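**Student:** So that we are looking at the same thing, I have put the structure below in structure tokens.
The values are calculated or read from the model by the stated rules, or taken from the named source; none is laboratory data. This structure is a prediction, so every number in the text was calculated from the model and none was measured. All Cβ positions, glycine included, derive from the backbone under ideal geometry; neighbour counts span all protein chains shown.
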């Protein structure tokens, strides 16, 4: 086996041969970086799920540095949440009724409706617009948040997050996308779901590790290794039972090395870009709007 120049042949020759033998792999079917990455993942799954001494770690640190990028100050990215129980939709309708209801009441007045009934309706409307709940809804919407407010548009509070592609349970990372439609696709909504689409902007230039590149751009050498890592970040997990262990570890290592986050290609939208920001305060929400999913189009090709 011909190992890359950045590896310790004396170490890797033995461990890879043993790994291939123990797992009934076929030597020579893939490039050597593939076996190195598979062995590293096997160590994580079977031996140690925390930071440990491993000859691939210095290589990964070097690769992160070589494949870093910036998310510049002021760049708009998007985070999407489904409006559970159409709560926001109902609040939006209530907000619209603040101007709509007086027009309807004046129409009733012109039709000579009973004055006591009309007075009662006006009283109910005044009580409605003067209620604390209505005032809070009005303040939120008129400050630019038709959907969730600034806090609701950010990452979940610490300790409440379920495990995800990059975070373990309870760890709160901010997941967002460069494109609106990518952010919507990533939450897999159903037809006619109402959705809050928030616009977020980095408060400063953020230093990220970049897994967002076209796999066909990989040529040879250590690029094969980074391509294998990229594939694990972009693939869809169907069970979430151990599938995210590897990417969670890599994300924790990236954070441990001082980066602000990472980006990777969407598994659901062609050319879509996703972001993971370790500190949600680094990328606050500046506005949100409320939309609904009207249709979904699937484009497919026949296997040949």
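**Student:** Can we say residue 288 is assigned by TED's automatic domain parsing to the domain that holds residue 162, surrounded by 22 or more Cβ atoms within 10 Å (Cβ to Cβ) and either assigned to a helix (DSSP H, G or I) or modelled with pLDDT of 95 or more (or both)?
**Tutor:** Details: assigned by TED's automatic domain parsing to the domain that holds residue 162: yes; surrounded by 22 or more Cβ atoms within 10 Å (Cβ to Cβ): yes; either assigned to a helix (DSSP H, G or I) or modelled with pLDDT of 95 or more (or both): yes.
Yes, satisfied.
**Student:** Can you pull out the residues in segment 130-161 that are touching a strand residue (DSSP E or B) at 6+ places or on another chain (Cβ under 8 Å) and within 13 Å of residue 91 (Cβ to Cβ)?
**Tutor:** Selection gives 145, 146, 147, 148, 149, 152.
**Student:** While we're on this one: State all residues of segment 270-279 that are surrounded by fewer than 21 Cβ atoms within 10 Å (Cβ to Cβ), outside any strand (DSSP E or B) and at pLDDT 90 or above; if no residue qualifies, say none.
**Tutor:** 272, 279
**Student:** Give segment 192-216 a look and list any residue that's in contact with a strand residue (DSSP E or B) (Cβ under 9 Å, 6 or more places away or on another chain), assigned to a loop (DSSP other than H, G, I, E, B) and touching a residue at least 12 places away in the same chain (Cβ under 8 Å), or say none.
**Tutor:** Correct list: 192, 193, 201, 202, 205, 212, 213.
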